[in-house]
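Presented below is the structure to which this report refers.
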Amino acid sequence: MSNIVEYLIIGIVLLIILLAIIKASKKDAKLDFNKLVEYLGGKDNIIKTESELSRFKVTLKDVSKANKEGIQKLGAKGIVEIDNQLKIILGPDSKNLKKYIDEIK
């Protein structure tokens, strides 16, 4: 009987640790999105966003306000600038970033 209680306590502790890790990683992702919006010149500089697979395309009012070096440090695998657009290769986060920017605008 005491073995069952010990296993139950261990299981509960592991579950709490797992939930804390998941919650912390979600918080970090949101902070990265905030930083990325800042590196794009702020939410007022963003005109339009698109997401397809691993690419995130953003149309900016003033592309010179974008910090491309900062964006790459956050994990972008590549950035292409065409006129007032940036095409950023972000991987699977591109869809989540578009959703996040749409929510804050």
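The values are calculated or read from the model by the stated rules, or taken from the named source; none is laboratory data. Bear in mind the structure is a predicted one, so any value in this text is a computation, not a measurement. Please note: Cβ atoms are built from the backbone with ideal geometry, for glycine as well, and neighbour counts cover all protein chains shown. Just so you know, the surface numbers come from the protein's heavy atoms only, side chains and all, with ligands and any DNA or RNA stripped out. Shrake-Rupley method; radii C 1.70, N 1.55, O 1.52, S 1.80 Å.
Overview of values
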| read-out | value |
| --- | --- |
| Selected residue (criterion: nearest to residue 91 (Cα to Cα)) from residues of the range 60-71 that are open to solvent by less than 20 Å² (accessible area, probe 1.4 Å) and touching a strand residue (DSSP E or B) at 6+ places or on another chain (Cβ under 7 Å) | 71 |
| Qualifying residue in the range 35-44 (condition: among the charged types (D, E, K, R) and in a loop (DSSP other than H, G, I, E, B)) | no |
| Single residue of 21, 16, 9 found to be in a helix (DSSP H, G or I), out of contact with any Lys or Arg (no Cβ under 9 Å at 6 or more places or on another chain), at pLDDT below 90 and open to solvent by 70 Å² or more (accessible area, probe 1.4 Å) | 21 |
| Of all residues in the range 72-92 being open to solvent by less than 80 Å² (accessible area, probe 1.4 Å) and part of a loop (DSSP other than H, G, I, E, B), the one that is nearest to residue 41 (Cα to Cα) | 84 |
